[in-house]
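A.B. asks: Pasting a structure below so you can have a look.
The values are calculated or read from the model by the stated rules, or taken from the named source; none is laboratory data. What you see is a predicted model; the values in this text were computed from it and never measured. Cβ coordinates were reconstructed from backbone atoms using ideal geometry, including for glycine residues, and neighbour counts include every protein chain displayed.
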Amino acid sequence: MKLASPTPLTARRGAPVQGRIRVPGDKSISHRALILAALTVGETTISGLLEGEDVLHTADAMRALGAKLERTHECVWRIHGVGVGGFAQPAGPLDFGNSGTGVRLAIGAVAGSPVTASFDGDASLRTRPMRRVLDPLEKMGARVIEAAEGGRLPLTLQGAADPIPIVYESPVPSAQLKSAVLLAGLAAAGETTVIEAEATRDHTERLLKYFGAKIASKPHGEHGRRITLQGQPELEPCNVVVPADPSSAAFPLVAALIVPGSDLILEAVMTNPLRTGLFATLREMGANIETLATRDDGGEEVADLRVTASKLKGVDVPAARAPSMIDEYLILAVAAAFAEGTTRMRGLQELRVKESDRLAATAEMLRVNGVNVEIEGDDLIVHGKSNIAGGGDVTTHMDHRIAMSALMMGLASVNPVRIDDSAFIATSFPGFVGLMRSLGADLT
């Protein structure tokens, strides 16, 4: 698999971050909407789809599995589905590039169809664990024919001819794991139940209901949920509007907080309470984040947010908040570096199995730019100050969020911050560099 040449990029302190923007559509919802639309009978229209590389790989996979997909306008797609359990045998391997979400959800969906499919990805995705998803799917009747060591990619899965409904207690707080089981459970006769000790993002449950599935979610324990899906529904095609991605909005938002004089409005950002841990944490740190307007799009809450430069202070971030902001700890660490005092982020073990070991990579990113940081167990401790030296060369480890976080740091540091490769930013945030430049960012 040929890798593109690295594209270094440097961020420098300059003008305030100012303007009004809408960041691309939410990546989590975009993946799920494509997969569920492919499992309907009829035509679904998705507007605001994130057209980043990760999501386009999922679109290609759904096409290879027999669904008909057509891009009618920018970020507007029509999908003709094949029905639950109706996937066709793909002609070749399904390549998911860098997308852990796409491949894990697709593995779950394929597990409920009587086809055999091979899954692969780039060098980074091949290092990421898949066994946690495969274990429950094998209990449902799917069979792993071939896999790399530890159940990693590349792997070949034979879906179940008659999937078995199960009751599954998730060993880790993972929306991808939960979603894979529920997607396989669509084709099972009877009820499939997933029990979470810590509630994770619920986009799959919301979209399943939106597409006509019978699904119920109830509290379980202090922080968990018990989700029960009635199998073998006929999913109904519908129109889906994908709201702006809060994980993508986090980067210009934090830039506006740490660059003096900044004033930024972010439009139609999804504010699902299971995705807004970063916003809650930043407000605790003293961030000026004002909600201007709220509404519903596609079954999700959205809001326009106004963000202005703020004097931040260090806080203690509880481990229970991790599921609602697992992708945002990298950019939170940047905000913490510019806050007065110490910020301790607890319970970040899940960061070790993302696109890179994000816990170690975040600490490395901060250290090379003059920030005092420690890792204690699974906790990240950042000793912040208002004046960060910068000047570091950051290794991105093929990770789009490390790249964007480091660049945002460079916009407020005394000295420029350079990243070794910006190419992977397109996996989740196409047009990121141009958009930031339009707001006044000095990126060259």
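A.B. asks: Quick check, is Ser428 touching a His at 6+ places or on another chain (Cβ under 6 Å) and touching a residue at least 40 places away in the same chain (Cβ under 8 Å)? Spell out how you get there, then give the answer.
C.D. replies: On the way: touching a His at 6+ places or on another chain (Cβ under 6 Å): yes; touching a residue at least 40 places away in the same chain (Cβ under 8 Å): yes.
So Ser428 fits the description; yes.
A.B. asks: Here's something else I'd like to know. Output yes when any residue across the stretch 164-171 is of a type in the set (Val, Ile, Thr), in contact (Cβ under 8 Å) with a residue 40 or more places away in the chain and out of contact with any Pro (no Cβ under 6 Å at 6 or more places or on another chain), and no when none is. Steps first, please.
C.D. replies: Taking the stretch 164-171 first, the residues of a type in the set (Val, Ile, Thr) are 164, 166-167.
Of the ones still in play, those that are also in contact (Cβ under 8 Å) with a residue 40 or more places away in the chain are none.
No, because not a single residue in the stretch 164-171 is of a type in the set (Val, Ile, Thr), in contact (Cβ under 8 Å) with a residue 40 or more places away in the chain and out of contact with any Pro (no Cβ under 6 Å at 6 or more places or on another chain).
A.B. asks: Mind counting the residues in the stretch 258-274 that are out of contact with any Leu (no Cβ under 8 Å at 6 or more places or on another chain), within 19 Å of Val334 (Cβ to Cβ) and surrounded by 22 or more Cβ atoms within 10 Å (Cβ to Cβ)?
C.D. replies: 1
A.B. asks: Return the pair list, or none, for Cβ contacts closer than 9 Å from residues in the stretch 64-92 that are outside the structural domain of Gly231 (by TED's automatic domain parsing) to residues that are modelled with pLDDT of 95 or more, at least 6 apart or on different chains.
C.D. replies: Between residues of the stretch 64-92 that are outside the structural domain of Gly231 (by TED's automatic domain parsing) and residues that are modelled with pLDDT of 95 or more, there is no close pair.
A.B. asks: A further question on this structure: Look at Arg295 and say whether it is at pLDDT below 95 and outside any helix (DSSP H, G or I). It would help to see each step written out before you state the result.
C.D. replies: Working: at pLDDT below 95: yes; outside any helix (DSSP H, G or I): yes.
Yes.
A.B. asks: Here is a list: Val194, Val181. Which entry is part of a helix (DSSP H, G or I) and either surrounded by fewer than 19 Cβ atoms within 10 Å (Cβ to Cβ) or among the β-branched types (Val, Ile, Thr) (or both)?
C.D. replies: Details: Val194 fails: part of a helix (DSSP H, G or I).
Residue meeting the stated conditions: Val181.
A.B. asks: OK, next. Within the stretch 148-162, does at least one residue satisfy the condition of being within 26 Å of the chain's Cα centre (by Cα), without any contact (Cβ under 8 Å) to a residue 24 or more places away in the chain, closer than 18 Å to Val353 by Cα and not in a helix (DSSP H, G or I)?
C.D. replies: Filtering the stretch 148-162 for residues within 26 Å of the chain's Cα centre (by Cα) gives 148-157, 159.
Still in the list and also without any contact (Cβ under 8 Å) to a residue 24 or more places away in the chain: 148-151.
The next check asks that each one be closer than 18 Å to Val353 by Cα; those that pass are 148-151.
Still in the list and also not in a helix (DSSP H, G or I): 148.
Yes, because at least one residue in the stretch 148-162 is within 26 Å of the chain's Cα centre (by Cα), without any contact (Cβ under 8 Å) to a residue 24 or more places away in the chain, closer than 18 Å to Val353 by Cα and not in a helix (DSSP H, G or I).
A.B. asks: Still on this model: Within the stretch 206-230, track down each residue that is surrounded by 22 or more Cβ atoms within 10 Å (Cβ to Cβ) and either within 22 Å of Ile326 (Cα to Cα) or of a type in the set (Phe, Trp, Tyr) (or both).
C.D. replies: Across the stretch 206-230, the qualifying residues are Leu207, Phe211, Ile227.
A.B. asks: Another one. Please enumerate the residues belonging to the stretch 230-243 that are of a type in the set (A, V, I, L, M) and within 23 Å of the chain's Cα centre (by Cα). Break it down into steps so the answer makes sense when it comes.
C.D. replies: Just the residues of the stretch 230-243 that are of a type in the set (A, V, I, L, M), to begin with: 235, 240-242.
Matches in the stretch 230-243: Val240, Val241, Val242.
A.B. asks: Just checking, which of Asp162, Asp135 is surrounded by fewer than 24 Cβ atoms within 10 Å (Cβ to Cβ) and under 20 Å from Gln230 (Cβ atoms)? Please lay out each step first, then the result.
C.D. replies: Values: Asp135 fails: under 20 Å from Gln230 (Cβ atoms).
Unique residue meeting the criteria: Asp162.
A.B. asks: Under the condition of being part of a helix (DSSP H, G or I) and either touching a Lys or Arg at 6+ places or on another chain (Cβ under 8 Å) or surrounded by fewer than 23 Cβ atoms within 10 Å (Cβ to Cβ) (or both), which residue from the stretch 409-444 is modelled with the lowest pLDDT?
C.D. replies: Narrowing the stretch 409-444 to residues part of a helix (DSSP H, G or I): 409-410, 423-427, 432-438.
Now restrict to residues that are either touching a Lys or Arg at 6+ places or on another chain (Cβ under 8 Å) or surrounded by fewer than 23 Cβ atoms within 10 Å (Cβ to Cβ) (or both): 410, 423, 426, 433-435, 437-438.
Values: Gly410: 98, Ala423: 92, Ala426: 89, Val433: 97, Gly434: 97, Leu435: 97, Arg437: 98, Ser438: 98.
Going through the qualifying residues, I end up with Ala426.
A.B. asks: Can I ask one more? Please specify each residue of the stretch 1-14 satisfying the condition of being at pLDDT below 95 and in contact with a Gly (Cβ under 9 Å, 6 or more places away or on another chain).
C.D. replies: Met1, Gly14
A.B. asks: Just to check your reading of the model, which residue among Ala322, Ala250, Ala280, Ala333 is modelled with pLDDT under 95 and in a helix (DSSP H, G or I)? Break it down stepwise before answering.
C.D. replies: Values: Ala250 fails: modelled with pLDDT under 95; Ala280 fails: modelled with pLDDT under 95; Ala333 fails: modelled with pLDDT under 95.
Step by step, each of Ala322, Ala250, Ala280, Ala333 is checked, and only Ala322 is modelled with pLDDT under 95 and in a helix (DSSP H, G or I).
A.B. asks: A further question follows. Going by the conditions given, is Leu49 touching a residue at least 60 places away in the same chain (Cβ under 8 Å), under 20 Å from Ser248 (Cα atoms) and not β-branched (Val, Ile, Thr)? Show your work before the answer.
C.D. replies: Details: touching a residue at least 60 places away in the same chain (Cβ under 8 Å): yes; under 20 Å from Ser248 (Cα atoms): yes; not β-branched (Val, Ile, Thr): yes.
The answer is yes for Leu49.
A.B. asks: When you scan the stretch 114-128, do you find a residue that is free of Cβ contacts under 8 Å to residues at least 24 places away in the same chain, touching a Lys or Arg at 6+ places or on another chain (Cβ under 8 Å) and part of a helix (DSSP H, G or I), even just one?
C.D. replies: Let us first name the residues in the stretch 114-128 that are free of Cβ contacts under 8 Å to residues at least 24 places away in the same chain, namely none.
No, every residue in the stretch 114-128 fails to be free of Cβ contacts under 8 Å to residues at least 24 places away in the same chain, touching a Lys or Arg at 6+ places or on another chain (Cβ under 8 Å) and part of a helix (DSSP H, G or I).
A.B. asks: Condition (residue is over 15 Å from Val317 (Cβ atoms), out of contact with any Phe, Trp or Tyr (no Cβ under 9 Å at 6 or more places or on another chain) and among the aliphatic types (A, V, I, L, M)) applied to the stretch 340-360: is it met by at least one residue?
C.D. replies: Yes, because at least one residue in the stretch 340-360 is over 15 Å from Val317 (Cβ atoms), out of contact with any Phe, Trp or Tyr (no Cβ under 9 Å at 6 or more places or on another chain) and among the aliphatic types (A, V, I, L, M).
A.B. asks: Would you check if Arg418 is assigned by TED's automatic domain parsing to the domain that holds Leu312, of a type in the set (D, E, K, R), within 22 Å of Val23 (Cα to Cα) and touching a residue at least 60 places away in the same chain (Cβ under 8 Å)?
C.D. replies: Values: assigned by TED's automatic domain parsing to the domain that holds Leu312: yes; of a type in the set (D, E, K, R): yes; within 22 Å of Val23 (Cα to Cα): no; touching a residue at least 60 places away in the same chain (Cβ under 8 Å): yes.
No: the conditions fail for Arg418.
A.B. asks: Output the residue which, of all residues in the stretch 115-134 that are more than 20 Å from Pro163 (Cα to Cα) and of a type in the set (A, V, I, L, M), is farthest from the chain's Cα centre (by Cα).
C.D. replies: Step by step, filter the stretch 115-134, then rank; the result is Ala123.
A.B. asks: Being assigned to a loop (DSSP other than H, G, I, E, B), in contact with a helix residue (DSSP H, G or I) (Cβ under 9 Å, 6 or more places away or on another chain) and closer than 11 Å to Thr58 by Cα narrows it down to one residue among Gly97, Gly102; which is it? Walk me through it before giving the result.
C.D. replies: Details: Gly102 fails: assigned to a loop (DSSP other than H, G, I, E, B).
Step by step, each of Gly97, Gly102 is checked, and only Gly97 is assigned to a loop (DSSP other than H, G, I, E, B), in contact with a helix residue (DSSP H, G or I) (Cβ under 9 Å, 6 or more places away or on another chain) and closer than 11 Å to Thr58 by Cα.
A.B. asks: Oh, and also: So, in the stretch 53-96, how many residues would count as being surrounded by fewer than 21 Cβ atoms within 10 Å (Cβ to Cβ) and touching a Leu at 6+ places or on another chain (Cβ under 9 Å)?
C.D. replies: Residues meeting the conditions: 15.
A.B. asks: So which of Leu50, Leu34 is surrounded by 24 or more Cβ atoms within 10 Å (Cβ to Cβ), outside the structural domain of Leu435 (by TED's automatic domain parsing) and within 18 Å of Val433 (Cβ to Cβ)? Reasoning before the result, please.
C.D. replies: Numbers: Leu34 fails: within 18 Å of Val433 (Cβ to Cβ).
When all the criteria are applied, what remains is Leu50.
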